[in-house]
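Q: Let me begin by handing over the structure; questions about it come next.
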Amino acid sequence: MFGIDSSYYNRSLKKLVVAFGSIFNEIYLSRFDSANTLTEKIRVPLSYGPKEKFVRRLTEASSISTGVKLGITLPVIGFQITNIAYDPSRKLNKLNKVFTATDSNIKTMWSEVPYIVDFGVFIFTRTIDDNFQIVEQILPNFTPDFTVTINFNELNTKVDVPFQLNGVQTTEDFEGTYATRRNVTSTLTFSAKTYMFGRIKETNYGPIENVDVNFKNYVNEDFIMDLGYTGDVDTGSITYVP
């Protein structure tokens, strides 16, 4: 439908996911003793995947061999894209072009298209205090948004994308027997005001070698005749040697 020339991949969504995940990859969980002395500091692991995948791994140990079963280690943070929608409030003129030029070619692309990408972040901990500690390291950075500059492609190297925090919900799984594993989960919802980019068209060109110039005579702002016939100035050709 869009033609063979429409095949391209700018990795716009992939770069957006990486930029969003980088916000949460330096979160640490500290543990203290009764004298409020730091005894342990843990870097919270971060993974991309649906919430149901983490819940399943929490309730059922996975197998990496025929005889060994491993359960997921807490705490852990997971995130995923939950929705992608067009944003008409930031619509741009679709006929605008972005371009860059060098000595031998010109690269152009149509104006970017605004989209809103929703993310869900899931924080799984064993205790409510661990959960509060992780959430408290995230919330102060969003007022209510946090802006990240992303290099999407060679024509859009510095695009500011705000990630807005929409809400936080904490649930505690306290039902079940004493043998049931306790899980505390916080779900944070975010919206990214980003853009989608079309195909970059590259046009190659060589140096200018020949230019034809026709000289005209104007009298009283009215055109009279070609000076090539009057003898005053002859029609000529200018040659540029690269």
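Q: Could you say whether any residue in segment 20-29 is modelled with pLDDT of 85 or more, in contact with a Lys or Arg (Cβ under 8 Å, 6 or more places away or on another chain), under 30 Å from Glu172 (Cβ atoms) and part of a strand (DSSP E or B)?
A: Yes, segment 20-29 contains a residue that is modelled with pLDDT of 85 or more, in contact with a Lys or Arg (Cβ under 8 Å, 6 or more places away or on another chain), under 30 Å from Glu172 (Cβ atoms) and part of a strand (DSSP E or B).
Q: Within segment 21-36, which residues are polar (S, T, N, Q) and open to solvent by 70 Å² or more (accessible area, probe 1.4 Å)? Working first, answer last.
A: We begin by selecting, within segment 21-36, every residue polar (S, T, N, Q); these are 22, 25, 30, 34, 36.
Residues satisfying the conditions are Ser34, Asn36.
Q: Look through segment 97-115, keep the residues that are among the β-branched types (Val, Ile, Thr) and at pLDDT 80 or above, and return whichever of them is surrounded by the fewest Cβ atoms within 10 Å (Cβ to Cβ).
A: We begin by selecting, within segment 97-115, every residue among the β-branched types (Val, Ile, Thr); these are 98, 100, 102, 106, 108, 113.
Restricting the remaining residues to those that are at pLDDT 80 or above gives 98, 106, 108, 113.
Numbers: Val98: 16, Ile106: 13, Thr108: 15, Val113: 17.
Among residues in segment 97-115 that are among the β-branched types (Val, Ile, Thr) and at pLDDT 80 or above, the one surrounded by the fewest Cβ atoms within 10 Å (Cβ to Cβ) is Ile106.
Q: Let me spell it out: the conditions are (1) more than 22 Å from Thr127 (Cβ to Cβ); (2) open to solvent by 40 Å² or more (accessible area, probe 1.4 Å); (3) modelled with pLDDT of 70 or more, and Leu46 meets all of them except one. Which number is the exception?
A: All conditions are met except number (1).
Q: Quick check, is Thr82 open to solvent by 40 Å² or more (accessible area, probe 1.4 Å), in a strand (DSSP E or B), closer than 21 Å to Tyr48 by Cα and free of Cβ contacts under 8 Å to residues at least 40 places away in the same chain? Break it down stepwise before answering.
A: Values: open to solvent by 40 Å² or more (accessible area, probe 1.4 Å): yes; in a strand (DSSP E or B): yes; closer than 21 Å to Tyr48 by Cα: yes; free of Cβ contacts under 8 Å to residues at least 40 places away in the same chain: no.
Answer is no for this residue.
Q: Taking into account only those residues within segment 132-191 that are more than 17 Å from Ile23 (Cα to Cα) and among the aromatic types (Phe, Trp, Tyr), which is modelled with the lowest pLDDT?
A: My answer is Tyr178.
The values are calculated or read from the model by the stated rules, or taken from the named source; none is laboratory data. Just so you know, these numbers come straight off a predicted model, no measurement behind them. Note that we place each Cβ from the backbone using ideal geometry, even for glycine, and neighbour counts take in every protein chain shown. Only protein heavy atoms, including side chains, enter the accessible area calculation; ligands, DNA and RNA are left aside. Shrake-Rupley method; radii C 1.70, N 1.55, O 1.52, S 1.80 Å.
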